[in-house]
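The values are calculated or read from the model by the stated rules, or taken from the named source; none is laboratory data. Being a predicted model, the structure only gives us computed values, none of them experimental. All Cβ positions, even for glycine, are placed from backbone atoms using ideal geometry, and neighbour counts span all protein chains on display.
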């Protein structure tokens with residue numbers, strides 16, 4: 001956890017409502033030598049349905065492998081999240097710690113182990129200590145309930161602020177609430193979900209349908225952000241629906257209110273995804289990249305990510321340099337259909353190049369002024385079709401190097 005607040009942090013932290021059927025507690029497992037809570041325990045009422053999206057990394061953590069298995073049951077009673085140790089690439093010793101956590105939590109909640117979900121974040125390659133896991137979890141069992149901000153702060157690593165979000169939807173005339181907590185600052189690139197994120201709602205939703213809705217929401221949010229092009233071994237986003245609201249249950253888009261809930265879930269996931277980018281390691285600028293005119297939406301997204309992940313583009317933005325040639329480079333290297341003579345590029349609503357050449361009356365001063373701000377808009381039109389996509393990223397500064405050069409210490 002960094003002591004230096006990101007300059008892109010929200011000016012105000014939202015007030016989140018209670019979610020019936022959800023109780024959060026925190027404790028100190030001391031997975032690192034730090035003076036802070038680093039274990040979040042969430043108790044969920046019986047009947048809670050669950051859905052999730054997990055990293056596509058070929059070297060996932062033990063926790064990711066367990067969640068992938070447990071998601072098949074569709075029900076949840078508990079969530080344990082550890083900070084300071086990713087428990088990834090730890091072999092049998094890592095699994096032993098997870099099994100101990102599952103055993104303790106399932107006994108405490110009187111439920112099946114498959115109804116307990118676990119996540120860990122931090123240093124890769126260090127087995128999670130079983131004794132600390134057990135002591136921390138037992139302390140959490142008896143801790144006083146905490147608020148959402150404390151739960152979010154506890155799962156932070158290099159994050160500079162707790163990330164929480166909320167929204168609501170109307171189902172059958174009843175207001176259902178959705179809250180989210182998330183952590184992530186570095187090792188952020190879309191490959192299913194990204195970071196560790198948890199969504200809670202009091203709505204009643206069949207788990208298969210909840211999975212469909214979460215996957216759809218992920219496609220336009222978590223899978224459209226990048227900080228440094230690196231996909232974590234531990235990336236997890238889980239959604240829990242407690243069913244404690246009196247609103248009608250949802251099982252398909254034929255049900256009244258399903259579209260409203262999907263819109264609310266999309267909004268919440270977008271809020272959460274943007275918070276991660278705004279806390280990108282060393283970030284000073286939030287960048288939106290909109291690509292239009294590609295041969296397909298998928299092609300547009302790959303081009304947008306090529307721009308967003310380019311160190312040359314990101315450092316130019318950090319230096320407030322309107323070097324649109326780097327955008328051209330990033331489009332060209334994406335491996336997608338593109339025509340140099342059809343390409344147009346703009347910054348902050350000002351077109352700098354059209355049909356492959358700089359505009360004849362181009363005045364760089366408004367672009368320079370735009371780049372001095374903290375909210376940067378880049379627009380690229382490929383000029384070949386109707387495909388479009390938008391992704392979000394941040395700039396690349398010396399701060400990123402400083403954070404990651406000293407990460408393990």
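Residue-by-condition table, conditions (1) surrounded by fewer than 20 Cβ atoms within 10 Å (Cβ to Cβ); (2) over 27 Å from residue 155 (Cβ atoms); (3) in contact with a helix residue (DSSP H, G or I) (Cβ under 6 Å, 6 or more places away or on another chain); (4) touching a residue at least 60 places away in the same chain (Cβ under 8 Å):
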position: 240; (1), (2), (3), (4): no, no, no, yes
position: 248; (1), (2), (3), (4): yes, yes, no, yes
position: 270; (1), (2), (3), (4): yes, no, no, no
position: 275; (1), (2), (3), (4): no, no, no, yes
position: 279; (1), (2), (3), (4): no, no, no, yes
position: 283; (1), (2), (3), (4): no, no, no, yes
position: 289; (1), (2), (3), (4): no, yes, yes, yes
Hey, can you tell me all the residues within the stretch 36-70 that are within 19 Å of the chain's Cα centre (by Cα) and part of a helix (DSSP H, G or I)? 63, 64, 65, 67, 68
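Out of curiosity, is residue 261 in the same structural domain as residue 82 (by TED's automatic domain parsing), closer than 20 Å to residue 68 by Cα, touching a helix residue (DSSP H, G or I) at 6+ places or on another chain (Cβ under 9 Å) and touching a residue at least 60 places away in the same chain (Cβ under 8 Å)? Working first, answer last.
Working: in the same structural domain as residue 82 (by TED's automatic domain parsing): yes; closer than 20 Å to residue 68 by Cα: no; touching a helix residue (DSSP H, G or I) at 6+ places or on another chain (Cβ under 9 Å): yes; touching a residue at least 60 places away in the same chain (Cβ under 8 Å): yes.
No; evaluated as a whole, the condition is false for this residue.
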Would you mind stating whether residue 294 is surrounded by fewer than 20 Cβ atoms within 10 Å (Cβ to Cβ), in the same structural domain as residue 397 (by TED's automatic domain parsing), touching a strand residue (DSSP E or B) at 6+ places or on another chain (Cβ under 7 Å) and touching a residue at least 12 places away in the same chain (Cβ under 8 Å)? no
For the stretch 297-324 the number of residues that are surrounded by fewer than 17 Cβ atoms within 10 Å (Cβ to Cβ), more than 18 Å from residue 283 (Cα to Cα) and touching a helix residue (DSSP H, G or I) at 6+ places or on another chain (Cβ under 9 Å) is 1
